[in-house]
1. Would you mind stating whether Val50 is aliphatic (A, V, I, L, M), closer than 24 Å to Leu87 by Cβ and surrounded by 18 or more Cβ atoms within 10 Å (Cβ to Cβ)?
2. Looking for something within 15 Å of the ligand (Cβ to nearest atom), without any contact (Cβ under 8 Å) to a residue 60 or more places away in the chain, within 14 Å of the chain's Cα centre (by Cα) and part of a loop (DSSP other than H, G, I, E, B) - is there at least one such residue anywhere in region 77-94?
3. Working only within region 81-90, note down all residues that are open to solvent by 30 Å² or more (accessible area, probe 1.4 Å) and not charged (D, E, K, R).
4. Tell me which of these Ala66 doesn't satisfy, since it passes every other one: (1) over 17 Å from Val3 (Cβ atoms); (2) within 15 Å of the ligand (Cβ to nearest atom).
5. I'd like the full set of residues that are more than 13 Å from the ligand (Cβ to nearest atom) and within 15 Å of Leu94 (Cβ to Cβ), limited to region 30-45.
6. Filter region 19-39 down to residues that are of a type in the set (A, V, I, L, M, F, W, C) and in contact (Cβ under 8 Å) with a residue 24 or more places away in the chain and give me whichever is surrounded by the most Cβ atoms within 10 Å (Cβ to Cβ).
7. Of all residues in region 95-118, which are open to solvent by 50 Å² or more (accessible area, probe 1.4 Å), over 16 Å from Phe15 (Cα atoms), part of a loop (DSSP other than H, G, I, E, B) and not basic (Lys, Arg)?
Amino acid sequence: MAVDATQPYDDQNVFAKILRGEIPNKTVYQDEFALAFHDINPQAPTHVLVIPKGAYVCWDDFSAKASDAEIAGFVRAVGTVARDMGLVALGYRLLANAGTDSHQEVPHLHVHLFAGKPLGPMLVR
Ligand code: AMP
């Protein structure tokens, strides 16, 4: 079911469990502010999820409540992951679903990073 972006943070969501080490993940990067790991159901040759370590439901929650350090750290981590994975030259796409219309499924902010082939139009028409 799609996430209601206004709901309180649910610490039983799958990414909270990954952050606590209760569920395995294929980590590609982590630092003080962010964890990046391969999506379990990749939709491109490279499909990585980057999540903040703090408890934020979605972009709205994060941009309203996170500290400047958390926001800067998270944004820098997304860029670092793409750079470290060698994705800058051919390019990549970032996508963050927030709330019902976007079909956000996991209620912990995540940025999808897609790459590895021409990615086509941005949205299905
Ligand atoms: P969204 O629809 O934006 O909320 O995307 C949620 C994403 O999380 C989907 O692409 C799922 O394949 C991915 N996902 C769900 N569970 C896991 C998991 N345990 N490990 C890695 N990715 C997951």
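The values are calculated or read from the model by the stated rules, or taken from the named source; none is laboratory data. Because the structure is a prediction, the values reported are computed rather than measured. For neighbour counting, all protein chains shown are included, and Cβ atoms are generated from backbone atoms with ideal geometry for every residue, glycine included. The area values use the complete protein model at the heavy-atom level, side chains included, leaving out ligands, DNA and RNA. Shrake-Rupley method; radii C 1.70, N 1.55, O 1.52, S 1.80 Å.
1. yes
2. no
3. Met85, Gly86, Val88, Ala89, Leu90
4. Condition not satisfied by Ala66: (2).
5. Ala34
6. The extreme case among them is Ala36.
7. Once the filter is applied, which keeps residues that are open to solvent by 50 Å² or more (accessible area, probe 1.4 Å), over 16 Å from Phe15 (Cα atoms), part of a loop (DSSP other than H, G, I, E, B) and not basic (Lys, Arg), region 95-118 yields Thr100, Asp101, His103, Gly116, Pro118.
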